[in-house]
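The values are calculated or read from the model by the stated rules, or taken from the named source; none is laboratory data. Keep in mind that what you see is a predicted model, and the values were worked out from it rather than measured. Cβ atoms come from the backbone with ideal geometry, glycine included; neighbour counts cover every protein chain shown. Areas reflect the complete protein model, heavy atoms only, side chains present, ligands, DNA and RNA absent. Shrake-Rupley method; radii C 1.70, N 1.55, O 1.52, S 1.80 Å.
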Amino acid sequence: MKTVPFKTLYTGARIPAIGLGTFGSDKYTSDQIAEAVIDAANIGYRHFDCASVYSNEPQVGEALETVIRSGVPRQDLFVTSKLWNNHHDEKDVVHAFEKTLADLRLDYLDLFLIHWPFPNYHAPKVDVTSRDPHAKPYIHENYMKTWRQLEGLFKRGLVRHIGTSNMTIPKLKLLLRDAEIRPASNEMELHPHFQQPELFDFVIENGMVPIGYCPLGSPSRPERDRTPEDTVDVEDPVIEEIATRLGMTPAAVCIAWAVQRGQVPIPFSVKRHQYEDSFNAAVSCPLSEPDMSALAGIDQNCRLIKGQVFLWEGASGWEALWDE
C-alpha cells in the first residue's frame, strides 16, 4: 500500500496531505458515502473530512468503526468535523460536538472547525435566493463566544485541534488577536481557477495548514451552486496539456498541484477509480516547476461556492460574505 505524504500542524501533529470529503452533494446516499470511506481506507486514505450538516455522520461513523476494526489504528486516522451555523450559541456548541462525536463513534476528533463564520441558518436544499430573516453579518464578539467553547473542548482533550472554515483575512486577524488557542487550519475553496493567493499565504504565514475544498472545481456541486460565469478547471487547456503529457487525468493534475503547492485537498467521490486516482496523484507528486508555474498562471479568481443563502437583509451581494 502506498503511503500518503503529510503536512505538519503547529502542534507537531501530522495531517495527511489528502483527505476524502464526505459531502454527497445531494447526489449520493449516506450508505454510498460510507462504503467509499471503507474502500478509500483500504487504498490508503487516512484523512476524512466530515460535517454534521452533511447528514451522514452516523453512517460515516459506522464506516470508521469498520476501518478501525479492520486493523487501522485510530491514531493513524485524521478525522475532521464541523460545527453548523445553527449551533453557534454558547449553550449549543458542546451538545452539537458531543452528538457529532457519538455519531462518528469516536472518543476524540483530530480537528473541529466552525463551518461558517455566521450563525445564519438555511433549510437543507433551499434555492440560493432563500434568506434567513434572522441572518446577521459577521459579529466578532459573538464568534469569539463560539470559539471559547471550542477552546474548552480542546482543553478537555475531546479535540486535538480547532480551526476555521470559510474565513477571510480581516476575520482571521481578529481571531488570531483574541484566541487563547489559535486555529490549526483554515478550510477554504481552493482549485487552479480559484487559488486565493493572498489568503493562502496569510494562512501559512500564521502557522495554519490550508485545507482545500472543491479541489477539482467541484464538477458535482448542486445546480443551486452554479452560476453562468463559473469556469471548469478540468477543461482548462493548460491542465489538459499537462495531463496528456504525463499520462494523467485532468483531475489528478488538480490534486497533484494542490499537494505540491502546500494545501491539503479533500476531494469527494464515491467512485473507486476517481478517489484512487486522486490518492495516487497526491502520493506521486509528478509536476515539475514549469508545470507548477504554468498552473499558477491560470487562476481565474472564480469562486464557485458563493454562500448566497447566508446573506443578511441589506447586504449588497454575496461578495459581502467574503469582505470584498
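A few remarks follow.
- Filter result (touching a strand residue (DSSP E or B) at 6+ places or on another chain (Cβ under 9 Å), open to solvent by 10 Å² or more (accessible area, probe 1.4 Å) and of a type outside the set (Gly, Ala, Ser)) within region 10-53: Tyr10, Arg14, Phe23, Arg46, Val53
The rows are residues; the columns are (1) under 16 Å from Ile38 (Cβ atoms); (2) in contact (Cβ under 8 Å) with a residue 24 or more places away in the chain; (3) among the basic types (Lys, Arg).
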site	(1), (2), (3)
Gln59	yes, yes, no
Ala63	yes, yes, no
Val67	yes, yes, no
Asp76	yes, yes, no
Asn85	no, yes, no
Phe97	no, yes, no
Leu101	no, yes, no
Arg105	yes, yes, yes
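- Some residue of region 124-143 being at pLDDT below 95, surrounded by fewer than 16 Cβ atoms within 10 Å (Cβ to Cβ) and either within 26 Å of Thr3 (Cα to Cα) or among the hydroxyl-bearing types (Ser, Thr, Tyr) (or both): yes
- Matching strands (runs of 3 or more DSSP E) fully within region 136-248 where at least 3 residues are free of Cβ contacts under 8 Å to residues at least 60 places away in the same chain: 162-165
- Checked against (1) within 30 Å of Pro219 (Cα to Cα); (2) crowded, with 17+ Cβ neighbours inside 10 Å, Ile169 meets all criteria but (2).
- Residues located in region 101-122, provided they are part of a loop (DSSP other than H, G, I, E, B) and open to solvent by less than 40 Å² (accessible area, probe 1.4 Å): Leu104, Leu106, Tyr108, Asp110, His115, Trp116, Pro117, Phe118, Asn120, His122
- Scanning region 249-271 for residues that are β-branched (Val, Ile, Thr) and either under 26 Å from Leu199 (Cβ atoms) or not in a loop (DSSP other than H, G, I, E, B) (or both) returns Val253, Ile255, Val259, Val264, Ile266.
- Residue count, region 284-310 (criterion: modelled with pLDDT of 95 or more and in a helix (DSSP H, G or I)): 8
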